[in-house]
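The values are calculated or read from the model by the stated rules, or taken from the named source; none is laboratory data. Fair warning: this is a prediction, and the values are worked out from it, not measured in the lab. In this analysis, Cβ positions are derived from the backbone assuming ideal geometry, glycine residues included, and neighbour counts consider all displayed protein chains.
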Amino acid sequence: MPRLSSGLVIAGAFADKIRRTVFAQLRDVIKEGAIKSGDVAYSVAQLNKLLYSILVENLKVEKGDVVRIIVDYEVSEGKLEWKLDTLRIELFRRVPTEEVQRAIDLVLPKAKAIMEGIVEYSVERLGETEDGDVVLSIKLGDREVGALVATPINGEFLYIKKAAMVAPSPSIVERQRVPLDGKTVEEAVKSNIGILTTTARYVTDEEARRMYEVIKRRIIPSAVVERIKEEE
């Protein structure tokens, strides 16, 4: 089924972008006579009236805000029918220049410390893998930005097999040792959290996300963990 996607466009120009995109997509169909250009224009106008009601009258968007509009449609028997149950709108509001500048002015005095310092990640236990490795969530504030998988060795140290972070910079850490010193896995990593910055290999966002997903997929359900422990 054909799909209309406006791409990112300022809210003040969405109607024109919708019209131009639809006519570009249906150029050959119109030439073949399957639908008249006037009927296309009429259907586009109907859709734009609906979008105006949603964006301007209800969401109160400003002309400088950015939107992306996606909706499927079908051309049948000389008519263009919008599949409104597929309508999706993404809205990105414009932040006033003064507010952006205040944020810049607030952070710039700390630029050197931020750029050269250790990222203050936190970690939480997510679960275990089939072979007994521990998987931890890596967080920045309340947001999960990565994961690591590690193996405790004889109660002496923790061997971090792999860690992947997607923020603040996409990076991967591999094959690192952290002393346990009688601590839990989480406590040991927290005590040596700087290792996720100092030994990081910076990669593309795609590579970091792929590794992140691979690590999380290794977690087995808690019910399986309990069964394994009972069998032991």
Notebook entry, point to check: Using beta carbons and a limit of 8 Å, which pairs, at least six apart or on different chains, have the first residue in region 112-140 and on the phi > 0 side of the Ramachandran plot and the second one among the polar types (S, T, N, Q) and at pLDDT below 90?
Noted result: G127/S222
Notebook entry, point to check: Considering only residues of region 63-78 that are closer than 24 Å to V95 by Cα, of a type in the set (D, E, K, R) and surrounded by 14 or more Cβ atoms within 10 Å (Cβ to Cβ), which is farthest from the chain's Cα centre (by Cα)?
Noted result: D65
Item checked: Members of region 100-127 found to be outside any loop (DSSP other than H, G, I, E, B), modelled with pLDDT under 90 and closer than 13 Å to G194 by Cα, listed by number -> E116
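Filter region 72-99 down to residues that are in a loop (DSSP other than H, G, I, E, B) and either more than 23 Å from I30 (Cβ to Cβ) or in contact (Cβ under 8 Å) with a residue 12 or more places away in the chain (or both), then give me how many there are.
Here the count works out to 5.
Tell me, yes or no, whether region 147-162 has at least one residue that is assigned to a loop (DSSP other than H, G, I, E, B) and modelled with pLDDT of 90 or more. Steps first, answer last, please.
Step one: filter region 147-162 for residues assigned to a loop (DSSP other than H, G, I, E, B), giving 154-156.
Still in the running and modelled with pLDDT of 90 or more: 154, 156.
Looking through region 147-162, at least one residue is assigned to a loop (DSSP other than H, G, I, E, B) and modelled with pLDDT of 90 or more.
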